[in-house]
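Quick notes on the structure that follows.
The values are calculated or read from the model by the stated rules, or taken from the named source; none is laboratory data. This is a predicted model, so every value here is computed, not measured. Cβ coordinates were reconstructed from backbone atoms using ideal geometry, including for glycine residues, and neighbour counts include every protein chain displayed.
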Amino acid sequence: MLKANWIVPSYRSKKVCPLFKKDFSIEKEVASATLSVTARGVYEATLNSHRVGDFIMAPGWTSYHNRLQVQTYDVTELLSEDNVLILELAEGWFWRLKNKLPKAIIAELHIVYTDGIEEYIGTDESWLVAKSNLRFCHLYNGIKYNAALSPVFKYRAKIARDNSQDLLVAQQGEIVKEQERLSVKEIITTPKGETVLDFGQNMTGYLEITVDAKEGDKISFSFAEILDKDGNFYNENYRKAKAIYEYICKNGVQTYKPNLTFYGFRYVRIDSYPTEIKPENFTAIVVHSDMKRTGYIESSDPMLNQLFSNIIWGQKGNFLDIPTDCPQRDERLGWTGDAQVFIRTASYNYNVLRFFKKWLSDVKAEQYENGGVPDFIPSIYPRKPRLSTAWADAIAICPWQCYLTYGDREIIENLFEPVKKWVDYITNTTAKKNLWFDGDHYADWLELGGEYGKCKGPTRDDLVASAYYANSVNILIKMGKVLGYDVSAYEELHKNIRTAFIKEFRDDFKTQTEHVMALQFELTDKPQAVADSLAEMIHKEGDKIQTGFVGTPYILHVLSRYGYKELAYTLLLRKEYPSWLYPISKGATTIWEHWDGIKPNGDIWPASMNSYNHYAYGAVGDWMYGVMAGINTVEDAPGFAKVHFAPVPDDRIDWFKAEIDTAYGKVSSHWWHEDGKVRYEIETPVDSVATIDGKTHELSPGKHIF
């Protein structure tokens, strides 16, 4: 419990962000001082004009009905004899919670003096309040900042209506930080005569400006991810997100950047600016969760290298405290389906264990009593969420993959019972025993082959749902065995699901995704015949991928597993629509939501749902690590305690290399063509196994050449 109260401003304006101030003096020598803060909203703290900490958008986004993180900062070195502590508050994600609680803040400064005496300075009615220079701040709609104003602390704080601290928890996730600074790549004059800054990279963050201006001069910008086919500024795909950036200048040279919202953009249109436009006066600041980079891929193919760069930037742009679908439009939600399809790639690219432990704690908190799991977490809308296959299954897939990548038992210990509840929910609600029929599903979202403009293709919902049902039961069994539980009843259930699936669908699969589901989750007695059928279907379609969010992560895996590695490479290396490389031909620097976000003729997918920073199809990264480089975890030695190397080269690529920094050290796989043969170099920090050209080799720690 903090020795403090939740406080709100006494003035009524909801748009203007409040500043809360406390003046205090120190007359003794300080041994240590910590500031603990959280907010119903987002905040920035300053002590004696110095920013406290580097957490952007603190305290992050949690399941507000259940949990709210508290940050504690060491501020010993910031104290002086006379002190001013200021807290600035904006709504952040909290406005989306459809309750009647206003944004509020709570803070406690704990000072320990060298004589052992302790002092607590907590938020209460003695704090003064001013209307800040931030006249408007919104997660979607941007900011309006007036630097010409001087805030006057003429109001008093009030104790908030809900003053409970029952939901407060210590900081659990990775903090969000400023990570990189991008310079202007080009200043463009569009055919419409507009001036646009191109930063060369679609990213998530905000714009910093430096300008020499007069008081009252106005600066305003608009943001976009792409230019249209004529080269004009285009941001209709932001939908209702206005993404405003308005700045009223004071006199002289000044530098400003937003601090309590963020944007998704590559291009910035200058709508008003008082002086000469110089590229050095604009900087794009990249923000994302403070994850350690662990995975690296490079090859002889420039487009493959760009694809992997796009995957990395897609993860950076959407791993901002929670795994979001997109960072730019009026959505930015923690969609469970996107998270689960990308989790393996994500966990190789970066150390995301702490990140997912925090988010999965919210998934667990949001699970219904009947076991259902909402389609995005935190679940903030009053509407009834879909309890959809492949989306809700994130509650099983994400912790299990974290266990495989990091060897962390705690994450599956915390999620075992929720996974069991989820499986039992399906068992208790399905319309057909041992399958999942008649649910409300997204299924293979954005699959090709359906009616243009529609988000669902021809793959059957019940088939996908039943396949994922089997997968979650299988994961539950694996978790239970690791934890020493009796899971015999679920082993029998899995057997029955498999039998029912084969009887119901009879290997009569209508789409690429339906084939993939049966193969990936081992729901056929004739896997080679099903794989042959899949390959034949792909060939008949002109060697084109037709899968959506559910089928895409696995299609290359099942092809290469059943003897079609050349076809898998053909799909990967295809440059025409639809393919992973096609968006690169259109200038993509992140992963697109749609295979054809921009069509071959330059037309743009309807603005109703068209993100250009949407990482789901970046799940192909785990095939690049796991098949191309052949770096794989071993279930009975998780966390890369043992590695199974099985690289699969292709003559169309001269060389390929991947490495992952693990808890045991660097794991690396490198192959290249030399004198008509393939040369392999494998590095492992642990005893491992390598399968090279069908032969198995036991490896000791070190480098090995084949």
Given the conditions (1) in a loop (DSSP other than H, G, I, E, B); (2) hydroxyl-bearing (Ser, Thr, Tyr); (3) in contact with a Phe, Trp or Tyr (Cβ under 7 Å, 6 or more places away or on another chain), and given that Thr524 satisfies all but one, which numbered condition is not satisfied?
-> (3)
Listed residues Lys144, Lys28; which is surrounded by 16 or more Cβ atoms within 10 Å (Cβ to Cβ), charged (D, E, K, R) and touching a residue at least 24 places away in the same chain (Cβ under 8 Å)?
-> Lys144
Being surrounded by fewer than 19 Cβ atoms within 10 Å (Cβ to Cβ), on the phi < 0 side of the Ramachandran plot and over 23 Å from the mean Cα position of the chain (by Cα), is that true of even one residue in region 606-629?
-> yes
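Residue-wise test of (1) of a type in the set (A, V, I, L, M); (2) without any contact (Cβ under 8 Å) to a residue 12 or more places away in the chain; (3) crowded, with 19+ Cβ neighbours inside 10 Å.
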residue	(1), (2), (3)
Glu659	no, no, yes
Val667	yes, no, yes
Glu681	no, no, no
Val689	yes, no, no
Glu698	no, yes, no
Pro701	no, no, no
His704	no, no, no
Quick check: is even one residue across region 561-574 more than 21 Å from Trp671 (Cβ to Cβ) and not assigned by TED's automatic domain parsing to the domain that holds Phe233?
-> yes
Taking region 168-193 and keeping only residues that are assigned to a loop (DSSP other than H, G, I, E, B) and crowded, with 16+ Cβ neighbours inside 10 Å, one is left with Gln171, Gln172, Gly173, Glu174, Ile175, Val184, Thr190
Can you tell me which residue in region 152-167 is surrounded by the most Cβ atoms within 10 Å (Cβ to Cβ), limited to those that are in a strand (DSSP E or B) and of a type outside the set (Ser, Thr, Tyr)?
-> Ala157
Restricting attention to region 539-561, report how many residues are assigned to a loop (DSSP other than H, G, I, E, B) and among the basic types (Lys, Arg).
-> 1
Residue in region 372-403 that is surrounded by the fewest Cβ atoms within 10 Å (Cβ to Cβ), counting only those that are free of Cβ contacts under 8 Å to residues at least 60 places away in the same chain and aromatic (Phe, Trp, Tyr) = Phe376
Being under 26 Å from the mean Cα position of the chain (by Cα) and closer than 18 Å to Ala241 by Cα, is that true of even one residue in region 269-276?
-> no
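I need a count of the residues in region 17-67 that are of a type in the set (Val, Ile, Thr) and part of a strand (DSSP E or B).
Looking only at that region, the number is 6.
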Being assigned to a strand (DSSP E or B), within 28 Å of Val52 (Cα to Cα) and among the polar types (S, T, N, Q), is that true of even one residue in region 213-222?
-> no
